[in-house]
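Undergrad: My questions all concern the structure below.
The values are calculated or read from the model by the stated rules, or taken from the named source; none is laboratory data. Predicted model, so just to flag it, every value in this text is computed and none were measured. With ideal geometry, Cβ positions are generated from the backbone for all residues, glycine too; neighbour counts draw on all protein chains shown.
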């Protein structure tokens, strides 16, 4: 084919998001990629890679409006990480546990309409056979996004999404098995790609990689393995046999290793900068939540200054203070000068922390699995790794801390004051019982994962740790004062009315589509 015609056809195809490209010059792609020219690799990436940026950028939305409705107005608050200083919709909304009919459908639509939709296009256009390494990246993104959807709602059409008018809604149990299968495929494909040509990723994929990994397949392998370990631990109490088998696969060095302090976190660089900066400053819509401050401040945690700014409210100026979740504050200025999240525009939006792997392994060791160290060793390594990743010192002293979280004091509304919720400390005690050790591991992992609210909320629902402040003004009769939300209900237009058969399958599994319903790996109250 004439080169000028080829270039014109290629870029026209990209402009209209077509998924077929002219590939007759490199039909041997899957036979021997070592012998492909850089030019051939570049053409391959254009067809196989241009759908990937939207998949990555919508695991967690990199836009301010997207991430606010996807996560900030739900899971960030439920996790005890971030809280808005003002009210929305007369305080009857997801923050006060009213999710049915909510106009904030981002928890479903952001990942479904982007990550899942683009995976469908790659699947239908046979990218798995044409460019298996790029399809592997798509599968990793699909699992990252898919498990967040399943953990938030319950049953989800993970297997047949986009392939039929009425896709089956897989149960969470089925979804987790499918997650592991997709990770198997992805890890095998990336290992093969690296073995064939360690430099191909920089030519084929780097231009499309929006993440902190900058196109490096070995780092994507580590993210896939750490994700597998996360999911294995998630099901460790309800399916320990499968959980242990998947955990062992995750830590097997032959599969590429795990994220840690040397790799840094897995995150995305947003085109317009970190979206929470605009939400914090221009919109004045997010501040630190009470729990993350009272735990870290009570522990004397040096990471607190990396996470938050000191309050400027005259009543508490120079102190760290968060906002209690789900309260009344119709005047946004009441809490606007409480502690703010300490983001800069150039920061990546974190999807997975590099230190998480240590705490996952620590819990595995606590459960009797061979994780390459004792629970104490891995717990303490996780704290040290988190300190290093946050650029703070003092880990040795912190590991000996026996202080507890602080009581919460609200200088604006004293009725929101709260006593200490837990006597958990940082220092490891080998003589302690299983639950005490689990609480230590869970609390430090929760601190490390900040501000990734969906994962933080999932772990709180799974283990019950760290203990959280209940919301102050619940508006859902199913979740009265002192109780906690378990899931979001399905959006009306996107699920209830558009896929009635699938919705019926989901409700049959759940029993009812309500916010107090637990499923699969969740701990019962």
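Undergrad: Where in the stretch 240-354 are there helices (runs of 4 or more DSSP H), lying wholly inside it, with at least 3 residues that are at pLDDT 95 or above and surrounded by 21 or more Cβ atoms within 10 Å (Cβ to Cβ)?
TA: Passing ranges, in order: 240-251, 275-280, 290-299.
Undergrad: Could you figure out which of (1) farther than 24 Å from residue 248 by Cβ; (2) surrounded by fewer than 16 Cβ atoms within 10 Å (Cβ to Cβ) isn't true of residue 372?
TA: Here residue 372 meets the rest and fails (1).
Undergrad: Residue 111: surrounded by fewer than 24 Cβ atoms within 10 Å (Cβ to Cβ), in contact with a helix residue (DSSP H, G or I) (Cβ under 7 Å, 6 or more places away or on another chain) and under 24 Å from residue 69 (Cβ atoms), yes or no?
TA: Answer is no for this residue.
Undergrad: Which numbered condition in (1) under 30 Å from residue 276 (Cα atoms); (2) touching a residue at least 40 places away in the same chain (Cβ under 8 Å); (3) part of a loop (DSSP other than H, G, I, E, B) is the only one that residue 370 fails?
TA: (1)
Undergrad: Just one of 90, 33 is surrounded by fewer than 23 Cβ atoms within 10 Å (Cβ to Cβ), at pLDDT 50 or above and more than 22 Å from the chain's Cα centre (by Cα); which is it?
TA: Answer to the selection: 90.
Undergrad: Any residue at all in the stretch 41-53 that's within 30 Å of residue 465 (Cα to Cα), in contact with a helix residue (DSSP H, G or I) (Cβ under 8 Å, 6 or more places away or on another chain) and at pLDDT 95 or above?
TA: no
Undergrad: Quick check on this structure: which one of 214, 234, 228, 148 is surrounded by fewer than 21 Cβ atoms within 10 Å (Cβ to Cβ) and under 26 Å from residue 267 (Cβ atoms)?
TA: 214
Undergrad: State which residue pairs qualify: first residue at positive phi and in contact (Cβ under 8 Å) with a residue 12 or more places away in the chain and inside the stretch 475-486, second residue buried (at least 16 other Cβ atoms within 10 Å of the Cβ) and in a loop (DSSP other than H, G, I, E, B) in any location, beta carbons under 6 Å apart, and separation of 6 or more residues or different chains.
TA: Once the first residue is at positive phi and in contact (Cβ under 8 Å) with a residue 12 or more places away in the chain and sits in the stretch 475-486, its partners that are buried (at least 16 other Cβ atoms within 10 Å of the Cβ) and in a loop (DSSP other than H, G, I, E, B) give 482/470.
Undergrad: Which of the residues spanning the stretch 120-134 are closer than 22 Å to residue 266 by Cα and buried (at least 24 other Cβ atoms within 10 Å of the Cβ)?
TA: 133, 134 - these are the residues of the stretch 120-134 that are closer than 22 Å to residue 266 by Cα and buried (at least 24 other Cβ atoms within 10 Å of the Cβ).
Undergrad: Test residue 477 against the stated conditions and say whether it is more than 28 Å from the chain's Cα centre (by Cα) and under 15 Å from residue 297 (Cα atoms).
TA: no
Undergrad: Of the residues 484, 519, which single one is closer than 16 Å to residue 150 by Cβ and surrounded by 12 or more Cβ atoms within 10 Å (Cβ to Cβ)?
TA: 519
Undergrad: So, one more: Looking only at the stretch 182-238, which residues are in contact (Cβ under 8 Å) with a residue 24 or more places away in the chain, assigned to a loop (DSSP other than H, G, I, E, B) and more than 17 Å from residue 59 (Cα to Cα)?
TA: 197, 205, 235, 236, 237, 238
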